[in-house]
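Colleague: Can you read through this structure? Questions will come right after.
The values are calculated or read from the model by the stated rules, or taken from the named source; none is laboratory data. The structure displayed is predicted, hence computed values, not measured ones. Quick reminder, even Gly has a Cβ in these numbers, built from the backbone with ideal geometry, and neighbours come from all protein chains shown.
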Amino acid sequence: MAADDFGLMEAVRADREGAFEQFVERYQKRLYRLAWGYLRQHEDALDAVQEAMVKVYLARHRYRPDSHPYTWVSRILANHCLDMLRRRRARPEGSLEGWQEGNPGHEVIDERNRDGPHREHARREFRRRVEEAVSGLPETQREVFTLRHFEEMSLEEIASARGCALGTVKSSLHRAAASVRKSLRQVEGLIEEPGQ
Amino acid sequence: MMGRTPWSCRRTRGRLTQSFYRLLGSRRQGAFDRHLQACPACRAEWEATRTALQRIDSATAFPFESQVDWRRFTRETVAKARQAESAREQKALPGPGWRGRRPLLAWGGSLAALLVALAMMLPRSFRPEAPQTARPIAVSAESTRSLQHNVARQGAARYLRDSRSLLVSLIEAPVRCRRADGAYDLSLERERSRQLLRKKNLYLGSLDGPGDQRLVDLVEQLEALLLQVSSFDDCTTARQIHDLRDAIESRQILMRIDLVTRTVEGGGSRV
């Protein structure tokens with residue numbers, strides 16, 4: 001049976017064989033998503049996660065179990081991302097704006113570009129519209145929608161994670177999806193069947 | 001029967017997302033499906049909704065995540081972490097010369113302690129005369145004080161340098177607040193300011209030399225600025241940052257920190 005988060009952290013602190021590997025494996029995707037939220041650049045997000053994990057490993061004996069290990073790690077990562085953003089601001093050529101406008105230096109890392117620039121443009125536009133629509137939702141709806149679509153959680157898991165009734169999750173999700181759908185009407189032509 | 005009443009287009013379109021998430025009960029789902037079979041316009045709308053919502057998945061939010069070989073990433077991360085730790089350990093280990101001399105030094109230390117203890121136990125007549133002992137004690141107290149003073153000056157210089165980087169990052173590269181438009185997230189800077197303020201008193205007490213006045217003045221002026229930063233909200237307005245920048249520029253704080261720290265770290269006795 002997999003160790004719970006605190007147990008795993010304890011094993012990492014005790015330098016138990018394979019514990020740190022398991023720790024990295026358990027959190028890396030969640031942390032990547034967190035880093036992506038800050039940095040919006042794939043390579044930078046991966047670097048940030050790796051650097052944060054190195055920091056965690058070096059500081060593992062200083063960890064105090066009064067906070068959840070993920071909270072501790074995510075705080076380290078968030079600080080690291082903020083530092084990276086500051087450095088990026090000092091070097092405007094690598095800015096977020098540049099990437100969003102389709103900075104050619106960053107396009108090379110996107111495997112999807114192989115489909116052609118128009119399709120990639122359409123995907124980017126679709127993503128942008130979805131982000132806009134989701135960020136405009138009321139907080140509960142936004143959270144429920146994000147957990148269902150981006151974290152791919154079931155409705156029961158969402159209810160349990162948020163500590164609310166299943167009915168609340170259902171109604172919030174329905175309302176959120178209706179709003180998002182309405183916002184996406186303008187980009188109807190950009191929507192393609194999944195898997196295409 | 002009421003359950004068998006055909007649904008209107010309006011009612012059907014109001015249930016599109018519920019059907020997508022399978023939130024309709026079997027009876028309602030049946031009515032929904034029957035309407036779609038009979039109504040091409042609603043069927044088209046359903047297809048568009050289904051396609052749009054299916055497209056919004058983790059790949060939309062994190063478009064490159066699926067390209068990562070996570071197993072390899074784990075291996076590389078673990079290797080990097082272990083490498084970093086062994087590099088740190090190598091750095092922390094003293095050289096072999098030191099290790100070789102260590103027993104000798106320990107033995108020397110014990111011998112010195114033994115001699116001091118013996119001297120204390122000797123009868124008064126075997127002790128050196130009072131005037132002869134007074135002088136070395138006075139010299140030692142003075143050198144201790146001088147050492148303390150130097151440590152305080154170096155500490156104050158470090159404090160100034162840290163405060164400088166904090167102020168520079170704050171006024172030159174503030175990070176946008178994720179919670180409020182047009183505001184800046186200064187939570188880290190605020191915490192750092194508080195830490196620096198807590199350290200300040202460690203240095204100031206020992207900076208009482210005649211040449212320390214400029215250093216003390218600057219540390220105290222910085223205190224006002226750091227207090228201002230530490231009182232900011234998590235999401236600070238651009239106006240507040242602008243005011244802070246004005247205060248820093250009008251007092252030429254950054255330039256003065258440069259001058260003062262250069263003098264202290266260059267070994268200058270006067271600031």
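Colleague: May I ask you to say which residue of A:Tyr32, A:Tyr27 is more than 10 Å from chain B (Cβ to nearest Cβ), under 17 Å from B:Glu76 (Cβ atoms) and within 15 Å of the chain's Cα centre (by Cα)?
Modeller: Exactly one residue qualifies, and that residue is A:Tyr27.
Colleague: Right, here's the next one. Return the pairs, sorted by first residue and then second, in which the second residue is loosely packed, with under 15 Cβ neighbours inside 10 Å and not in a loop (DSSP other than H, G, I, E, B), the first residue lies in region A:143-159 and is more than 11 Å from every other protein chain (Cβ to nearest Cβ) and of a type in the set (S, T, N, Q), the beta carbons are less than 8 Å apart, and the residues are 6+ apart or on different chains.
Modeller: From region A:143-159, no pairs qualify.
Colleague: Taking A:Leu173 as meeting all but one of (1) within 10 Å of chain B (Cβ to nearest Cβ); (2) surrounded by 14 or more Cβ atoms within 10 Å (Cβ to Cβ); (3) at pLDDT below 90, write down the number of the exception.
Modeller: (3)
Colleague: Sticking with this one: Take the residues in region B:207-251 that are under 26 Å from the mean Cα position of the chain (by Cα) and part of a loop (DSSP other than H, G, I, E, B), then tell me which one is farthest from B:Ser187 (Cα to Cα).
Modeller: B:Ser231
Quick grid of which residues meet (1) within 9 Å of another protein chain (Cβ to nearest Cβ); (2) more than 19 Å from B:Leu188 (Cα to Cα); (3) aliphatic (A, V, I, L, M):
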{"residue": "A:Gly37", "(1), (2), (3)": "yes, no, no"}
{"residue": "A:Ala45", "(1), (2), (3)": "yes, yes, yes"}
{"residue": "A:Ala48", "(1), (2), (3)": "no, no, yes"}
{"residue": "A:Ala52", "(1), (2), (3)": "no, no, yes"}
{"residue": "A:Arg62", "(1), (2), (3)": "no, yes, no"}
{"residue": "A:Pro65", "(1), (2), (3)": "no, yes, no"}
{"residue": "A:Leu82", "(1), (2), (3)": "yes, no, yes"}
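Colleague: Let me ask you something else. Taking the condition of being crowded, with 16+ Cβ neighbours inside 10 Å, small (Gly, Ala, Ser), more than 19 Å from A:Trp36 (Cα to Cα) and more than 7 Å from chain A (Cβ to nearest Cβ), how many residues in region B:30-68 meet it?
Modeller: Within region B:30-68, residues that are crowded, with 16+ Cβ neighbours inside 10 Å, small (Gly, Ala, Ser), more than 19 Å from A:Trp36 (Cα to Cα) and more than 7 Å from chain A (Cβ to nearest Cβ) number 1.
Colleague: Using the structure shown, decide if B:Gln154 is more than 30 Å from B:Ile241 (Cβ to Cβ), surrounded by 12 or more Cβ atoms within 10 Å (Cβ to Cβ) and at pLDDT 75 or above.
Modeller: Values: more than 30 Å from B:Ile241 (Cβ to Cβ): yes; surrounded by 12 or more Cβ atoms within 10 Å (Cβ to Cβ): yes; at pLDDT 75 or above: yes.
Judged against the criteria, B:Gln154 is a match.
Colleague: Does region A:93-108 include one or more residues that are surrounded by fewer than 17 Cβ atoms within 10 Å (Cβ to Cβ), away from chain B (no Cβ under 12 Å) and modelled with pLDDT of 80 or more?
Modeller: no
Colleague: Looking at this structure, is A:Pro117 modelled with pLDDT under 85, more than 11 Å from every other protein chain (Cβ to nearest Cβ), more than 22 Å from the chain's Cα centre (by Cα) and closer than 22 Å to A:Ala45 by Cβ?
Modeller: Judged against the criteria, A:Pro117 is not a match.
Quick grid of which residues meet (1) in contact with a Cys (Cβ under 8 Å, 6 or more places away or on another chain); (2) over 14 Å from B:Trp70 (Cα atoms); (3) assigned to a loop (DSSP other than H, G, I, E, B); (4) among the aromatic types (Phe, Trp, Tyr):
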residue: A:Leu8; (1), (2), (3), (4): no, yes, no, no
residue: A:Val12; (1), (2), (3), (4): no, yes, no, no
residue: A:Phe20; (1), (2), (3), (4): no, yes, no, yes
residue: A:Tyr32; (1), (2), (3), (4): no, no, no, yes
residue: A:Glu51; (1), (2), (3), (4): no, yes, no, no
residue: A:Val73; (1), (2), (3), (4): no, yes, no, no
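Colleague: Could you grab me the full set of residues in region B:231-271 that are under 21 Å from B:Arg158 (Cβ atoms), surrounded by fewer than 17 Cβ atoms within 10 Å (Cβ to Cβ) and modelled with pLDDT under 75?
Modeller: B:Arg251, B:Arg262, B:Glu265, B:Gly266, B:Gly267, B:Gly268, B:Ser269, B:Arg270
Colleague: Looking at A:Glu51, A:Glu17 in this structure, which one is under 25 Å from B:Gln90 (Cα atoms), modelled with pLDDT of 85 or more, surrounded by 19 or more Cβ atoms within 10 Å (Cβ to Cβ) and of a type in the set (D, E, K, R)? Walk me through it before giving the result.
Modeller: Details: A:Glu17 fails: surrounded by 19 or more Cβ atoms within 10 Å (Cβ to Cβ).
After ruling out the rest, the residue left standing is A:Glu51.
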